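Engineer: Structure incoming, see below.
The values are calculated or read from the model by the stated rules, or taken from the named source; none is laboratory data. The structure presented is a predicted model; accordingly, all values stated were derived computationally and were not measured. Reconstructed Cβ throughout: ideal geometry from the backbone, glycine too, with neighbour counts over all protein chains shown.
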Amino acid sequence: MTPPAAGTAAFPGTWKPSTASSVPLFEQLRLNIIERADDGTLAPGTRLPAVRSLAAELGVAPHTVARAYKELEAAGVVSTQGRNGTVVCARDKAWGSLAESAADYAAAARAKGASFAEAVQLLAAAYDRH
């Protein structure tokens, strides 16, 4: 793994997925990595832990981490480079702006008492209208 910058902790640090959440574990991991890539905590080029290593550290099945990595790669957030591991890709400013809007929406939905599923349904309906 690429060493963390001064003042930052190595990924995943103290973060752990919540088994009490209605959000699937792979999705919690996927969202956490996206958030860290967007805010710069995971800089472009940062090598993420191997699937089995991260699964053991988080106390989840290796398939959980593999699925999160696969979906992140499909979205262009990370790139898997064979034996060289999985690394964070550079993010453009437009994507960062969209991530900020998504975070604002998520905060508003949570503040109004919407569940994750309800927030996603509302977003999907709005997306289909435009």
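Engineer: In region 27-74, how many are surrounded by fewer than 16 Cβ atoms within 10 Å (Cβ to Cβ) and polar (S, T, N, Q)?
Structural biologist: 1
Engineer: Which members of region 65-90 meet the condition of being touching a helix residue (DSSP H, G or I) at 6+ places or on another chain (Cβ under 6 Å) and part of a loop (DSSP other than H, G, I, E, B)?
Structural biologist: Across region 65-90, the qualifying residue is only Val77.
Engineer: A further question on this structure: Limited to region 82-96, what total is found for residues that are loosely packed, with under 10 Cβ neighbours inside 10 Å and small (Gly, Ala, Ser)?
Structural biologist: So the answer is 2.
Engineer: Would you confirm whether any residue within region 103-116 is closer than 20 Å to Glu35 by Cβ and at pLDDT below 85?
Structural biologist: Going residue by residue through region 103-116, those that are closer than 20 Å to Glu35 by Cβ are 103-111, 114-116.
Adding the requirement that they be at pLDDT below 85 leaves 103.
The answer is yes; a qualifying residue exists.
Engineer: Among the candidates Ala99, Ala106, which residue alone is within 13 Å of the chain's Cα centre (by Cα) and either surrounded by 12 or more Cβ atoms within 10 Å (Cβ to Cβ) or assigned to a helix (DSSP H, G or I) (or both)? Write out each step before concluding.
Structural biologist: Working: Ala106 fails: within 13 Å of the chain's Cα centre (by Cα).
The unique qualifying residue is Ala99.
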